[in-house]
Amino acid sequence: MMKLRFFYVFAMCMTVLFSTSCTKDMEYKDVQVSPVTQLYEPTDGQTVTLVASSTASLFFEWAAAKAEDSGSPLYEVVFDKEDGNFTNPIYRVVADNNGVRNYATITHKVLDKIGKAAGINGGETGTVKWTVVASRGLNSAMATEARTLTITCLKGFTELPNQVYLTGEATEGGTDIAQAVPCSMPNELGVFEVFTKLEEGKSYRLVDNNSADAKSYYINESGVIIEGQGETTVNKGGVYRIVLDFTTASVKMTEIQSMGFFFCPSNEVTFELPYKGNGVFEGEDLIEFKQESWGRDQRYKFLMTYADGTTQMWGTKNTTDSAPGEATADDPYFYIAETPNNQWDQKWKLNNEFDGAADGANPGAVTRISVIFSGDNYTHHVELVK
């Protein structure tokens, strides 16, 4: 009998609890919320020039709203065109901490999307309108005021590709996208570089991977990178150094006339390294060290000459004043980078085995040098060949 009574009391308690939960849930859905009455940041009419940095952001803050049940409202920052009335906002951003906070940290990347949704083109300046919507359950209230924000949109892309390839008839890989020519990203996120040969009168495009589902880009007549299925025709064939900056949607193409082995003791290029393909310049010759009072001088660098007559030295990425010794071909000792155009800075030293090799221990041998512009670190190889 006691057990039955206990069960009855327990069942009644559960019924009351369940009914209360349902009632509270129903009441929650009908809770009224007050509108935000004041916007704090950014100030009305503020201007912001967007930058490509992934950490750049703008802080939005407003006065807290109130709900009938003393609970915490949720917030969204809503955006519209300058002449809009928020009946169909162009963009919504949930406040920080999943909407609970009365502030929002909005990245420049998102602001760029908002600007472009308002019709502001890359690199151009325009104005959008913003306000805040507070909500509690199914009820919401728009703030009693709105502000404008003037945005200078990014010239480049909001979504930067992780990889970029060249493909098409003009390229070394041809039209087979699986053989697309990969670009390197040696220094800055979103800035790609490739050393490659292009065929005159033929066309190419850019892709973000070397598979059939790749996103495509092309370079228009003004030298701007555009997303889409277009292609770029090569007006003058040759070997080029191409820098593709997706942060500004810009391209710099420099035709390479020659690449040479620069022997520091003689302060000149002593033999050329013709372009071999796939970003590799390679040449062979006999190298004679220079006799000095203190010994044999074996220091060297590389000199690239562009078609416009300008030059660029390439020397060691990792400063050294010794020969490589037993270092293997993939050792960071051989990494290369742009260096000042002078005789001695950031040079390497050849091992003694390369000194007049044909007349020494390796008769008939010459030195082959390959400079390789690909991968995360540009590098070079030095070897004896017959």
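Subtracting the Cα-Cα distance of residue 162 and residue 343 from 0.36 nm times their residue separation leaves 61.5 nm of extension gain. By the helix-only formula, in which each DSSP H run with n ≥ 4 contributes -39500 (n - 2.57) and the sum is divided by residues, the chain has a 222 nm mean residue ellipticity of -3500 deg cm²/dmol. Residues whose amide H lies under 5 Å from that of residue 216, counting only those 5 or more places away or on a different chain, are 228; hydrogens are built 1.01 Å from N in the peptide plane.
Could you tell me whether the chain comes out rounded, prolate or oblate from its Cα gyration tensor? Rule is a ≥ b ≥ c as square roots of the eigenvalues, rounded for a/c under 1.5, then prolate if a/b exceeds b/c, otherwise oblate. In terms of gyration-tensor shape, prolate. For residue 109, the lysines whose Cα comes closer than 26 Å to its Cα, not counting residues fewer than 8 places off in the same chain, are 81, 129, 155, 215, 252. Straight-line cross-link partners of residue 116 among the aspartates and glutamates, defined as a Cα under 17 Å from its Cα and at least 8 positions apart when in the same chain: 80, 82, 83, 124, 159, 227. Dipole check for the stretch 144-193: with +1 at the C-beta of Lys and Arg, -1 at the C-beta of Asp and Glu, and the Cα centre as origin, the magnitude is about 300 Debye.
In a reduced charge model with +1 at each Lys and Arg Cβ and -1 at each Asp and Glu Cβ, the chain shows a dipole moment near 1520 debye about its Cα centre. Heavy-atom accessible surface of residue 285, to the nearest 10 Å², is about 60 Å², with a 1.4 Å probe and all protein chains retained. Label separation (residue 100 vs residue 352): 7.2 nm, computed from points 7 Å beyond Cα along the C-beta direction.
Averaged per residue, the stretch 153-225 has 48 square angstrom of accessible surface, using a 1.4 angstrom probe with ligands and nucleic acids left out.
Taking the charge dipole of the chain about its Cα centre, with +1 at Lys and Arg Cβ atoms and -1 at Asp and Glu Cβ atoms, the residue from 57, 366, 244 reaching farthest to the positive side is 57. The calculated FRET efficiency for the pair residue 43 and residue 70, based on their C-beta separation and a Förster distance of 30 Å, comes to about 0.45.
Among 67, 139, 89, pick out the residue whose Cα is farthest towards the positive end of the charge dipole of the stretch 39-155, where Lys and Arg carry +1 and Asp and Glu carry -1 on C-beta, about the Cα centre. Sorting the options by dipole projection puts first 89. Mean-square fluctuations from a GNM of the chain, with a 10 angstrom spring cutoff on Cα atoms, peak among 250, 258, 70 at 70.
Counting only protein heavy atoms and using a 1.4 Å probe, what share of the accessible area of the chain belongs to carbon plus sulfur, as a whole percent?
48 percent
Provide 200, 284 ordered by accessible surface of protein heavy atoms (probe 1.4 Å), highest first.
200, 284
Would you mind computing, in nm to one decimal, how far apart the modelled labels at residue 220 and residue 92 are, each placed 7 Å from Cα along Cα→Cβ? For the pair residue 220/residue 92, the computed spacing is 3.3 nm. Computed from point charges on the beta carbon alone (+1 for Lys and Arg, -1 for Asp and Glu), the dipole magnitude for the stretch 94-134 about its Cα centre is near 60 Debye.
By its C-alpha gyration tensor, with a ≥ b ≥ c as the square roots of the eigenvalues, how is the stretch 80-123 shaped: rounded for a/c under 1.5, else prolate for a/b larger than b/c, else oblate?
oblate
Rounded, prolate or oblate: which one fits the stretch 308-361, using the alpha carbon gyration tensor with axes a ≥ b ≥ c (rounded when a/c is under 1.5, else prolate when a/b beats b/c, else oblate)? Verdict is oblate for the stretch 308-361.
The values are calculated or read from the model by the stated rules, or taken from the named source; none is laboratory data. Computed from a prediction, not measured in an experiment: that's the story for all the values here. Neighbour counts run over all protein chains shown; Cβ positions are idealised from the backbone, glycine included. SASA here: full protein model, heavy atoms, side chains in, ligands and nucleic acids out. Shrake-Rupley method; radii C 1.70, N 1.55, O 1.52, S 1.80 Å.
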